[in-house]
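Following: one structure in structure tokens, then a few remarks.
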Amino acid sequence: MERYLDVLPSFVDQIRKIREIIISNIVLIGQVSAPTFYEQRRAECLVERLADFQVDECSIDDFGNPIGVIRGASTEEHSIFVVAHLDTFSEVQADPHYEVTDKTITGVGVSDNSAAVGVLASLPEIFRRLGLTFESDIVLVAPNHSLARGNLRGIRRLLQTWPKPIRGAICLESVELGRLNYYSDGMIRGEISCSIASERQWGRHHQPNAIIVINEVINAILGLRLPQKPRTQIVIGKIAGGFNHGNIAYDANIGFEIRSDADAMVKALYSDIRDIVDDINKAFAVDLKLNRISNLNATRMPYNHSLVKCAARILNRLGVEAVSEPSETALSIFLQRKIPAVTLGLTRGNNYHQDGAKIEIEPMFKGISQIASLIMAMDNGVCDE
């Protein structure tokens, strides 16, 4: 274990020397728009970069996932996956512009998850500069259709069809450095929409207002009793409605997420919300609908798993505090398949999911060093307990 830790200071220094290559990849890939379901151009860009760095194989699979493979020396055909989701939260398909200074990179999607995809593209050259070779195949993949309605379909589909054993996986997120996720909560994300037919002949004082109806839904959800154990939460994260200050709103909607470390509790609360929607729909005689957007099952590795302990020690040697929280990344799909995996953050940043999203450049060299060191450990059996 110590030899994976002792190399970290030299890794940081050597990676810093190729900062221009890494920044160029982040900017080149990040400036190709990739909203969920519209990732094809970015997938093609990533594969071109992987080919430029002479990976042994690179292609786009039948589901649109760009994949690069660095062949290992072993004949056992085990794989280690390094994953960074391809799509961004932006719904705008116009290509963004990135601004680079000595200290930061700023642009739409850079913190989720364009910086991580740019680092993924740089890994073949980084391994070459560090003089690293591996026994296992290193599979670099940027799954598409990951966020929101995408519901991690890209990685689900890839793992269903992958023909070889997978020793373990590292999921990359652009931020925050120190992030060490090894479990996921059960989750259902949904939307509730209210629509009122404007042509219906309502009396002036009886016409329902879609915003008021949605407010009734919110109040009813807030009235649900949530247990302290299992740990459970309902988050109402989006709300929209109406079109003019002085007119009745004909449409309104909310987005919500149920989270719990018990799948049964998530399902029970979703059923309660369905009953609320049915009841209020009848009471107001409007078109009130509940739609499920995405879901995950609760899953975890033990906190004392050798992969988790190794990742934590690497962060500690880098002088970074490890922070563990539930993750909604591809991590959960690997863990469901009993594949050891962790999610790591690469750098620091702010203004996530906004036009002014920004990441810091210097911390990224530590973030990349942790990947190289952890892959060395995984290649030497840290996942094989």
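The values are calculated or read from the model by the stated rules, or taken from the named source; none is laboratory data. Small disclaimer: the values here were computed from a predicted structure and weren't measured. Glycine gets a Cβ as well: all are built from the backbone with ideal geometry, and neighbour counts include every protein chain shown. Please note that ligands, DNA and RNA were not included when accessible areas were found on the heavy atoms of the full protein model with its side chains. Shrake-Rupley method; radii C 1.70, N 1.55, O 1.52, S 1.80 Å.
Mind listing whichever residues of region 232-244 are surrounded by fewer than 18 Cβ atoms within 10 Å (Cβ to Cβ), under 16 Å from ASN209 (Cα atoms) and in contact with a strand residue (DSSP E or B) (Cβ under 9 Å, 6 or more places away or on another chain)?
ILE239, ALA240, GLY242, PHE243
So, in region 1-20, how many residues would count as being at pLDDT below 95 and not in a helix (DSSP H, G or I)?
2
Only one of (1) within 20 Å of GLY109 (Cβ to Cβ); (2) of a type in the set (A, V, I, L, M); (3) open to solvent by 10 Å² or more (accessible area, probe 1.4 Å) is not met by MET376, so which one is it?
Result: MET376 passes all but (1).
Quick test for you: out of VAL320, VAL277, VAL382, pick the one residue that is closer than 30 Å to ILE254 by Cβ and either small (Gly, Ala, Ser) or surrounded by 17 or more Cβ atoms within 10 Å (Cβ to Cβ) (or both).
VAL277
If GLY356 meets every condition in (1) of a type in the set (Gly, Ala, Ser); (2) more than 26 Å from GLN31 (Cα to Cα); (3) open to solvent by 10 Å² or more (accessible area, probe 1.4 Å); (4) not in a helix (DSSP H, G or I) apart from one, which number is that one?
In the conditions (1) of a type in the set (Gly, Ala, Ser); (2) more than 26 Å from GLN31 (Cα to Cα); (3) open to solvent by 10 Å² or more (accessible area, probe 1.4 Å); (4) not in a helix (DSSP H, G or I), GLY356 misses (2) alone.
Confirm whether GLY154 is surrounded by 21 or more Cβ atoms within 10 Å (Cβ to Cβ) and either more than 30 Å from ILE258 (Cβ to Cβ) or in contact with a Ser or Thr (Cβ under 9 Å, 6 or more places away or on another chain) (or both).
yes
If you go through region 36-50 one residue at a time, how many are more than 19 Å from LEU123 (Cβ to Cβ), touching a residue at least 24 places away in the same chain (Cβ under 8 Å) and open to solvent by 10 Å² or more (accessible area, probe 1.4 Å)?
Number of matching residues: 4.
Quick check, is ASP287 of a type in the set (Asp, Glu) and at pLDDT 95 or above?
no
Any residue at all in region 135-142 that's open to solvent by less than 30 Å² (accessible area, probe 1.4 Å) and farther than 30 Å from SER10 by Cβ?
No: zero hits.
Can you name every residue in region 245-271 that is among the aliphatic types (A, V, I, L, M), under 27 Å from ALA298 (Cα atoms) and either open to solvent by less than 10 Å² (accessible area, probe 1.4 Å) or assigned to a strand (DSSP E or B) (or both)?
Going through region 245-271, the residues among the aliphatic types (A, V, I, L, M) turn out to be 248-249, 252, 254, 258, 262, 264-266, 268-269.
From what's left, under 27 Å from ALA298 (Cα atoms): 254, 258, 262, 264-266, 268-269.
Those that are among the aliphatic types (A, V, I, L, M), under 27 Å from ALA298 (Cα atoms) and either open to solvent by less than 10 Å² (accessible area, probe 1.4 Å) or assigned to a strand (DSSP E or B) (or both): ILE254, ILE258, VAL266, LEU269.
When you go through (1) closer than 24 Å to GLY154 by Cβ; (2) part of a strand (DSSP E or B) one by one for ILE105, which number turns out not to apply?
(1)
Out of all the residues in region 299-308, is one or more over 27 Å from LYS164 (Cβ atoms) and not in a helix (DSSP H, G or I)? So that I can check it myself, show each step before the final result.
Looking only at region 299-308, we keep the residues that are over 27 Å from LYS164 (Cβ atoms), and these are 303-304.
Filter again for not in a helix (DSSP H, G or I), leaving 303-304.
Yes, region 299-308 has at least one match.
Given the residues TYR250, TYR270, which is the only one that is among the aromatic types (Phe, Trp, Tyr) and under 23 Å from GLU325 (Cβ atoms)?
That would be TYR270, the only listed residue that is among the aromatic types (Phe, Trp, Tyr) and under 23 Å from GLU325 (Cβ atoms).
Out of everything in region 75-105 that is charged (D, E, K, R) and open to solvent by less than 100 Å² (accessible area, probe 1.4 Å), what residue ends up being modelled with the lowest pLDDT?
Going through the qualifying residues, I end up with GLU77.
Would you list the strands (runs of 3 or more DSSP E) that sit entirely within region 37-92 and hold 1 or more residues that are closer than 17 Å to ALA116 by Cα?
Because the criterion is at least 1 residues that are closer than 17 Å to ALA116 by Cα, the strands (runs of 3 or more DSSP E) in region 37-92 that meet it are 66-70, 79-83.
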